[in-house]
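Asker: Mind looking over this structure? Questions follow.
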Amino acid sequence: MRVLLVEDDALLGDGIRAGLKLADYAVDWVRDGEAARLALSSHDYDACVLDLGLPKKDGLAVLATLRGGGSKLPVLILTARDTQADKIAGLDAGADDYLTKPFDLGELQARMRALMRRSAGAAAPTIEHDGVVLEPASKRVTLNGQPVTLSAREYALLLDLMSHKNQLRTRSQLEESLYAWGEEKESNTVEVYIHHLRKKLGTHFIRTVRGFGYVLEDSAA
Ligand code: CA
């Protein structure tokens, strides 16, 4: 497991790196936000331990860039900012967990383990595809920054497709996501709502795979 440690305090960084190494993580340590951004864009990590108060680029900005790019990398924030507002801001920006300084190395190691266990889940606060941004926490959908009003069924269908980008979704798989409440199924529901979504989001947004189902594909560019 490879971890990026972002910490500008030399003494603290040295201690955290040693602690993570003891727990058998391979640790890359950078000391400012810009170096963190570069490292995250050029290497594959299994997790990131991120300080908030950093030179060149604030930790929250680093996190925002990471999540904006669609990364689901598990991120644990280390912060001396122990106000409730800072914790909320960090979690809302897409952090998976946080520790307030000073902290115990044993607790950091335990939280890293928990982070790794959960890392299969979606960590990004929003899902983006082709100009459409979907925010599951608020169920808000925008197209090129403009709010899009969707019915509950349209939203459920879109959420399913956006959660499975580049994966073919069969009609029955999509039907299951529409009828999660044990309701009686109407015929052609999926086709009808796909049609509605195309009218609202653009005809090219969802591709039909004839005889199989539908897919949201990243453009070849
Ligand atoms: Ca700092």
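Asker: For segment 94-109, what does the Karplus curve 6.51 cos²θ - 1.76 cosθ + 1.60, with θ = phi - 60°, yield as ³J(HN,Hα) per residue in whole Hz, taken in order and with x for Gly and Pro?
Answerer: Running phi through 6.51 cos²θ - 1.76 cosθ + 1.60 with θ = phi - 60° gives x, 6, 8, 6, 8, 10, 9, 6, x, 9, 8, 4, x, 5, 4, 4 Hz.
Asker: If you don't mind, there's one more thing I want to ask. Taking a 1.4 Å probe, which of F205, F103, F212 shows the most accessible area, and what order do the others take after it?
Answerer: Details: F205 10, F103 45, F212 135 Å².
The residues order as F212, F103, F205, largest area first.
Asker: Right, here's the next one. Tell me which residues come under 5 Å, amide H to amide H, from R140 once H is placed; ignore anything under 5 positions away on its chain.
Answerer: E135
Asker: Using modelled backbone amide H atoms (1.01 Å from N, in-plane), which distant-in-sequence or interchain residues come within less than 5 Å of D97's amide H?
Answerer: V75, I77
Asker: For S41 and E107, what does the FRET efficiency come to when R0 = 35 Å and r is the distance between their Cβ atoms, rounded to the nearest 0.05? Write down the numbers at each step before the final one.
Answerer: Details: r = 30 Å, r/R0 = 0.85.
About 0.75, to the nearest 0.05.
Asker: Next question, about the same structure. Could you give the longest part of the chain that holds none of the GluC sites (Glu not before Pro) found in DSSP loops with at most 14 neighbouring Cβ atoms within 10 Å? Don't jump to the answer; show the numbers that get you there.
Answerer: Working: sites that count: E183, E184, E186.
In short, 1-182.
Asker: Using the Cα atoms of the chain, I'd like the radius of gyration and the largest Cα-Cα distance, Dmax, both in angstrom.
Answerer: 20.5, 65
Asker: Mind listing the phi-derived Karplus ³J(HN,Hα) values for segment 53-67, rounded to whole Hz, using 6.51, -1.76 and 1.60 with θ = phi - 60°, and x for any glycine or proline?
Answerer: x, 9, x, 6, 8, 4, x, 5, 5, 4, 5, 4, 5, 4, 5
Asker: Which percentage, to the nearest 5, of the DSSP beta bridges contained in the chain is antiparallel? Please report the intermediate quantities before stating the final value.
Answerer: Values: 14 of 31 bridges.
If we restrict to bridges inside the chain, about 45 percent are antiparallel.
Asker: Right, next: Which ³J(HN,Hα) values, rounded to whole Hz and listed in residue order, are derived for segment 202-209 from phi using the Karplus coefficients 6.51, -1.76 and 1.60 in 6.51 cos²θ - 1.76 cosθ + 1.60 with θ = phi - 60°, glycine and proline given as x?
Answerer: Along segment 202-209, the couplings run x, 5, 8, 5, 10, 9, 8, 9 Hz.
Asker: Let me ask another. Could you list which residues have their amide H under 5 Å from that of V132, counting only those 5 or more apart in sequence or on another chain, with H placed in the peptide plane?
Answerer: N144
Asker: With a Förster radius of 22 Å, plug the Cβ-Cβ distance of T149 and E175 into 1/(1 + (r/R0)^6) and report the FRET value to the nearest 0.05.
Answerer: On the way: r = 23 Å, r/R0 = 1.04.
After rounding to 0.05, the efficiency reads 0.45.
Asker: For the cross-link pairs K56/K200; K165/K185; K56/K139; K57/K200; K21/K101; K57/K199, which exceed 31 Å when the distance is taken from alpha carbon to alpha carbon?
Answerer: Details: K56/K200 41 Å; K165/K185 25 Å; K56/K139 34 Å; K57/K200 37 Å; K21/K101 20 Å; K57/K199 40 Å.
Checking Cα-Cα distances, K56/K200; K56/K139; K57/K200; K57/K199 exceed 31 Å.
Asker: What nm distance separates the two modelled labels at D218 and E186, each placed 7 Å from Cα along Cα→Cβ?
Answerer: Each label point lies 7 Å from its Cα, and together they span 3.6 nm.
Asker: P(r) for segment 127-215, please, calculated from all Cα pair distances in 10 Å bins and given in %.
Answerer: Answer for segment 127-215: a P(r) of 16, 55, 27, 2 percent.
Asker: Also, quick follow-up: Calculate what fraction, in whole %, of the accessible area of segment 127-215 sits on carbon and sulfur atoms when a 1.4 Å probe is rolled over the protein chains. If you can, show how the numbers build up before the last one.
Answerer: On the way: 2620 of 5310 Å².
Carbon and sulfur: 49 percent of the exposed surface of segment 127-215.
Asker: When a/c is below 1.5 the answer is rounded, else prolate if a/b is larger than b/c, else oblate, so apply that to segment 2-119 with a ≥ b ≥ c taken from the square roots of the Cα gyration tensor eigenvalues.
Answerer: Values: a/c = 1.20, a/b = 1.10, b/c = 1.09.
Verdict is rounded for segment 2-119.
Asker: Moving on to the next point. Mind grabbing the accessible area of K199 for me, 1.4 Å probe, Å², rounded to tens?
Answerer: Looks like 150 Å² after rounding.
The values are calculated or read from the model by the stated rules, or taken from the named source; none is laboratory data. Note that the structure is a prediction, hence the values are computed from the model and not measured. As a convention, Cβ positions derive from the backbone with ideal geometry for all residues, glycine included, and neighbour counts pool all protein chains shown. Only protein heavy atoms, including side chains, enter the accessible area calculation; ligands, DNA and RNA are left aside. Shrake-Rupley method; radii C 1.70, N 1.55, O 1.52, S 1.80 Å.
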